[in-house]
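Undergrad: The structure is given below, and queries will be raised subsequently.
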Amino acid sequence: MTNDTSLSVAVLGTGIMGAPMARNLAKAGFDVRAWNRTIDKAQPLAEDGVAVCGTARAAADGADFVLTMLADIDAVTSVINADDGPFGDEESPIWLQMSTVGLDGTEKLSSFATDRGLRFVDAPVLGTRQPAEKGALTVLASGDDALRGRVQPVFDAVGSRTLWLGPAGQGSRLKLVVNSWVLALTSATAEAVALAQGLGIDPQQFLDTIADGPLDAQYAHVKGDAMIRGEFPPAFPVEGAAKDARLIVEAAAGAGVQVRVADAVAAHMQAAADAGYGREDMAAVWNVVRA
């Protein structure tokens, strides 16, 4: 979809997800300004028509939207509370909070927005590096229904599907639910591949056996293939998976839900991070379970 209104978007955070999102917004016709704490990581975006700014305030100055895509709640709060943070005293942009920060984190950011009179949309995404590059993310949007028409062109530029889920916070809730399944599937695949190897079976036979049947899941093939090759270019890094796993366990505890599998997944992902695989793809969790 092409944006014909010359709206401007400040993208704060240009990592694995933020950088391709900024590129797709520029491609869709938005005036895009980008900021990253390590500015060198943002500089390549200039080749795609994105204005790289030295501060979050400079990126957000006069913008219609501020999009935060940062690592965790600490990163988001440090940016918005900084002296050169994105929200000044002038008329404020709509804040699209697309980082995965958990339930408590989302509540804190929503309260910050309310206190500052900001229009806030909680909109984490489903998808990793490749869907982000293709503009094929799924946006889990929640917030004031009156903002839907204003923000939808932004979501259309970065994603192929938007689900509107109700009041702010519902998007983050569903994100944790989906990620609990994704992380469990990745860990289960790692254990199945490692068990096959430990028993002297070609792990490809495991993937071939589940193919095209009721037990099949394409994600198992993607991650299983990486485990068999022992190559883990980051689509969703272990350190991010470990963070999300902790958020899932915390949310479950608050809801009174027993999540023994999620507890084990969190331990697996943290062990992989501690073993030095933090910046590799989460399929690298195989390294801490293999024989």
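Table: residues versus (1) of a type outside the set (Val, Ile, Thr); (2) free of Cβ contacts under 8 Å to residues at least 12 places away in the same chain.
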{"position": "Gly200", "(1), (2)": "yes, yes"}
{"position": "Gln204", "(1), (2)": "yes, no"}
{"position": "Gln218", "(1), (2)": "yes, yes"}
{"position": "Ala241", "(1), (2)": "yes, no"}
{"position": "Ala245", "(1), (2)": "yes, no"}
{"position": "Ile248", "(1), (2)": "no, no"}
{"position": "Ala262", "(1), (2)": "yes, no"}
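Undergrad: Within the bounds of the range 255-269, is there any residue that is touching a strand residue (DSSP E or B) at 6+ places or on another chain (Cβ under 6 Å) and at pLDDT 95 or above?
TA: No; the residues of the range 255-269 include none that is touching a strand residue (DSSP E or B) at 6+ places or on another chain (Cβ under 6 Å) and at pLDDT 95 or above.
Undergrad: Let me ask something additional. Is it the case that the range 278-287 has a residue that's out of contact with any Cys (no Cβ under 8 Å at 6 or more places or on another chain) and free of Cβ contacts under 8 Å to residues at least 24 places away in the same chain?
TA: Looking for residues that are out of contact with any Cys (no Cβ under 8 Å at 6 or more places or on another chain) and free of Cβ contacts under 8 Å to residues at least 24 places away in the same chain, one finds at least one in the range 278-287, hence yes.
Undergrad: Give the residue, chosen from Ala217, Ala242, that is closer than 27 Å to Ser99 by Cβ, of a type outside the set (Asp, Glu), surrounded by 18 or more Cβ atoms within 10 Å (Cβ to Cβ) and not assigned by TED's automatic domain parsing to the domain that holds Gln130.
TA: Ala242
Undergrad: For the range 207-285, list the helices (runs of 4 or more DSSP H) that sit wholly inside it and hold at least 1 residues that are of a type in the set (Phe, Trp, Tyr); which are they?
TA: Correct list: 218-229.
The values are calculated or read from the model by the stated rules, or taken from the named source; none is laboratory data. All of these numbers come straight from a predicted model, not from anything done at the bench. Cβ sites come from the backbone with ideal geometry, for glycine too, and all protein chains shown count toward neighbours.
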